[in-house]
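Encoded as structure tokens, the structure appears first; notes follow it.
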Amino acid sequence: MQPIAKQDFPVHQVRRFLEPGPVVLVSSAHDGQRDIMTMGWHMVMEFAPSLLACVISRANHSFGLIRASRQCVINLPTEPLLDTVVRIGNCSGGEVDKFAAFGLTAKRASCVDAPLIAQCHASFECRLHDDALVDRYNLFVWEVVKAHVAPTPKLPRTLHYRGDGQFMVSGSERSRRRLFKPEML
């Protein structure tokens with residue numbers, strides 16, 4: 001394999017290559033209010049218990065609801081919701097009911113008070129596991145306490161933000177299972 005020629009690149013734009021995974025919609029509820037926010041900054045931290053971490057800006061209306069309730073639902077939208085995902089991210093839940101404004105169906109969750117978004121391929125009910133880095137970095141560590149996933153399609157076309165208003169949609173899959181040790185799958 002030949003080396004690849006590289007050139008200098010602005011460090012403040014490296015996220016265009018390193019965004020961690022699919023864009024999600026985070027739904028929250030507290031004290032009679034509910035909201036949805038678009039989020040791309042999240043990561044898996046542990047398998048069992050299932051721990052996820054995410055950064056939520058204090059400037060986001062959802063931050064206050066999530067901080068107070070200590071729970072949320074992380075919903076996985078797919079390609080048909082792309083424009084809705086962008087529009088949700090461009091308005092404040094303090095000014096508009098995003099469920100009503102974008103025609104989304106709030107579905108009662110099993111284990112948390114925040115609603116699931118019925119139009120999303122998957123919804124993960126989360127309770128706050130660790131808030132030690134919230135004050136310093138706005139980093140929440142969640143435990144997924146219930147997962148709801150549509151059985152089809154098996155490989156949903158998820159959305160991946162590239163920065164500068166550009167998205168990728170997940171594509172074909174390539175298996176390399178034969179190269180893995182069984183315990184590493």
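Within segment 143-158, how many residues turn out to be outside any loop (DSSP other than H, G, I, E, B) and more than 19 Å from GLU19 (Cβ to Cβ)?
Qualifying residue count, segment 143-158: 7.
Kindly provide the set of residues from segment 104-124 that are assigned to a loop (DSSP other than H, G, I, E, B), touching a Phe, Trp or Tyr at 6+ places or on another chain (Cβ under 9 Å) and of a type in the set (Val, Ile, Thr), ordered by number.
The answer is THR105, and nothing else.
Check ALA68, ALA29, ALA53, ALA5 and return the single one that is of a type in the set (Gly, Ala, Ser) and at pLDDT below 95.
Result of the check over ALA68, ALA29, ALA53, ALA5: ALA5.
Out of the residues in segment 19-33 meeting the condition of being surrounded by fewer than 19 Cβ atoms within 10 Å (Cβ to Cβ) and touching a strand residue (DSSP E or B) at 6+ places or on another chain (Cβ under 8 Å), tell me which one is farthest from GLU125 (Cα to Cα).
GLU19
Restricting to segment 42-67, what's the tally of residues that are in contact with a helix residue (DSSP H, G or I) (Cβ under 8 Å, 6 or more places away or on another chain), open to solvent by 20 Å² or more (accessible area, probe 1.4 Å) and within 19 Å of TYR161 (Cβ to Cβ)?
Adding up the residues that qualify gives 2.
Would you mind telling me which numbered condition in (1) without any contact (Cβ under 8 Å) to a residue 40 or more places away in the chain; (2) of a type outside the set (D, E, K, R); (3) open to solvent by 50 Å² or more (accessible area, probe 1.4 Å) ALA150 fails?
It is condition (3) that ALA150 fails.
Of these, LEU76, LEU25, which one is of a type in the set (A, V, I, L, M), in contact with a Pro (Cβ under 8 Å, 6 or more places away or on another chain) and over 26 Å from ASP135 (Cβ atoms)?
LEU76
Name the residue that is nearest to ARG157 (Cα to Cα), counting only residues in segment 68-86 that are in a helix (DSSP H, G or I) and open to solvent by 50 Å² or more (accessible area, probe 1.4 Å).
Among them, the one singled out is GLU79.
Return the total of residues in segment 155-174 being without any contact (Cβ under 8 Å) to a residue 40 or more places away in the chain and among the hydroxyl-bearing types (Ser, Thr, Tyr).
Number satisfying all stated conditions: 1.
Within segment 89-96, does at least one residue satisfy the condition of being part of a strand (DSSP E or B) and either out of contact with any strand residue (DSSP E or B) (no Cβ under 9 Å at 6 or more places or on another chain) or not charged (D, E, K, R) (or both)?
No, segment 89-96 has no match at all.
Can you pull out the residues in segment 6-46 that are in contact with a Ser or Thr (Cβ under 7 Å, 6 or more places away or on another chain) and part of a loop (DSSP other than H, G, I, E, B)?
PRO22, VAL23
Could you grab me the full set of residues in segment 125-138 that are in a strand (DSSP E or B) and crowded, with 18+ Cβ neighbours inside 10 Å?
Within segment 125-138, GLU125, CYS126, HIS129 meet the criteria.
In segment 159-178, which residue that is of a type in the set (Ser, Thr, Tyr) and assigned to a loop (DSSP other than H, G, I, E, B) is nearest to VAL23 (Cα to Cα)?
Among residues in segment 159-178 that are of a type in the set (Ser, Thr, Tyr) and assigned to a loop (DSSP other than H, G, I, E, B), the one nearest to VAL23 (Cα to Cα) is SER170.
Residues to consider are GLY103, GLY89, GLY165, GLY171; find the one that is surrounded by 12 or more Cβ atoms within 10 Å (Cβ to Cβ) and either over 15 Å from MET37 (Cα atoms) or modelled with pLDDT of 95 or more (or both).
GLY89
The values are calculated or read from the model by the stated rules, or taken from the named source; none is laboratory data. Keep in mind that what you see is a predicted model, and the values were worked out from it rather than measured. Every residue, glycine as well, gets a Cβ built from its backbone with ideal geometry; the counts of neighbours run over all protein chains shown. These area figures cover heavy atoms from the full protein model, side chains too; ligands, DNA and RNA do not enter into them. Shrake-Rupley method; radii C 1.70, N 1.55, O 1.52, S 1.80 Å.
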